[in-house]
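These notes concern the structure reproduced below.
The values are calculated or read from the model by the stated rules, or taken from the named source; none is laboratory data. Everything numeric here is computed off the predicted structure, so don't read it as measured data. Glycine gets a Cβ as well: all are built from the backbone with ideal geometry, and neighbour counts include every protein chain shown.
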């Protein structure tokens, strides 16, 4: 029960991210930024069948989910994947926390059987 | 399940609480028997747990079966407290972790309405080297990369 509540809370927190990635074009943009690094809108639009305006819209969705951000390089505006918002120590503890959640869920199953 | 952080250092300690619908004696057995402990902690132990003992378990978590975890058992107070020290995320087979700081895991049991309240805390993370933390991220990042591939396959197939 407690486990379920914790899962629901983290899913709610992650909902904008899931929604942002729940689109084939946006998923491809994330994959390209991940493999090719910062790209201009023109470069991103190059490989896509949709218009530059559509790509801009997709980038805005990804941006409001905190997945990408635009940076100015000289006269160009480039889009790149956003580094994780939390510092390493805090994120490390999140990993530890998630691992305990999974272990305690298994313990619960074992003893409540 | 709730997580609280120690005000002294936000990153040194973690605490979890869970209510189990089972008697403290049943929960104690699942914690103190090395065989039962292994089923939920994902490791196979050949030795029994005893205060002061160092025990080794083969990790059963998928993808990490080639690794062994070492627990230094500290205290065993039936139906109250089980504590041990270990190296969290010791996932590199060729690294000697023995010179590095361990974390302390304390599992406390309290009788509760209709069952047992279990409180687990793990502390000492501030002394874990940064390079070790980075390894844990790498392990986790591999998991995420795999998830992303799953999503891509799913989207491509849809």
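Of the candidates B:65, B:36, B:74, B:15, the single residue that is within 18 Å of residue B:123 (Cα to Cα) and either facing chain A (nearest Cβ under 8 Å) or modelled with pLDDT under 95 (or both) is B:15. Residues considered: A:104, A:27. Of these, the only one that is in contact with a helix residue (DSSP H, G or I) (Cβ under 6 Å, 6 or more places away or on another chain), modelled with pLDDT of 80 or more and surrounded by 14 or more Cβ atoms within 10 Å (Cβ to Cβ) is A:27. Just one of the numbered conditions (1) in a strand (DSSP E or B); (2) touching a helix residue (DSSP H, G or I) at 6+ places or on another chain (Cβ under 9 Å); (3) under 24 Å from residue B:129 (Cβ atoms) is not true of residue B:88: (1). The criterion of being farther than 18 Å from residue A:108 by Cα, within 11 Å of chain A (Cβ to nearest Cβ), at pLDDT below 95 and more than 15 Å from the chain's Cα centre (by Cα) holds for residue B:10. In the range A:29-41, the count of residues that are in contact (Cβ under 8 Å) with a residue 24 or more places away in the chain, farther than 30 Å from residue B:24 by Cα, part of a strand (DSSP E or B) and more than 8 Å from every other protein chain (Cβ to nearest Cβ) is one or more. Only one entry in B:69, B:76 is in contact with a helix residue (DSSP H, G or I) (Cβ under 9 Å, 6 or more places away or on another chain) and free of Cβ contacts under 8 Å to residues at least 40 places away in the same chain, namely B:69. Per the conditions (1) touching a strand residue (DSSP E or B) at 6+ places or on another chain (Cβ under 8 Å); (2) surrounded by 13 or more Cβ atoms within 10 Å (Cβ to Cβ); (3) assigned to a loop (DSSP other than H, G, I, E, B), the sole criterion not satisfied by residue B:51 is (2).
In the range B:96-119 there is at least one residue matching the filter, namely being more than 10 Å from every other protein chain (Cβ to nearest Cβ), crowded, with 19+ Cβ neighbours inside 10 Å, outside any strand (DSSP E or B) and in contact (Cβ under 8 Å) with a residue 12 or more places away in the chain.
Would it be correct to say that residue B:122 is surrounded by 15 or more Cβ atoms within 10 Å (Cβ to Cβ) and in a strand (DSSP E or B)? Judged against the criteria, residue B:122 is a match. Within the range A:63-97, being within 14 Å of chain B (Cβ to nearest Cβ), surrounded by 13 or more Cβ atoms within 10 Å (Cβ to Cβ) and closer than 30 Å to residue A:25 by Cβ holds for A:67, A:81, A:91, A:94. All conditions in (1) within 9 Å of chain A (Cβ to nearest Cβ); (2) part of a helix (DSSP H, G or I); (3) under 23 Å from residue B:136 (Cα atoms) hold for residue B:27, with the sole exception of (3).
Scanning the range B:127-158 for residues that are over 19 Å from residue B:63 (Cβ atoms), within 10 Å of chain A (Cβ to nearest Cβ), modelled with pLDDT of 60 or more and loosely packed, with under 15 Cβ neighbours inside 10 Å gives a single hit, B:130.
Taking the conditions exactly as written (more than 12 Å from chain A (Cβ to nearest Cβ) and in contact with a helix residue (DSSP H, G or I) (Cβ under 6 Å, 6 or more places away or on another chain)), does residue B:48 satisfy them or not? In short, yes.
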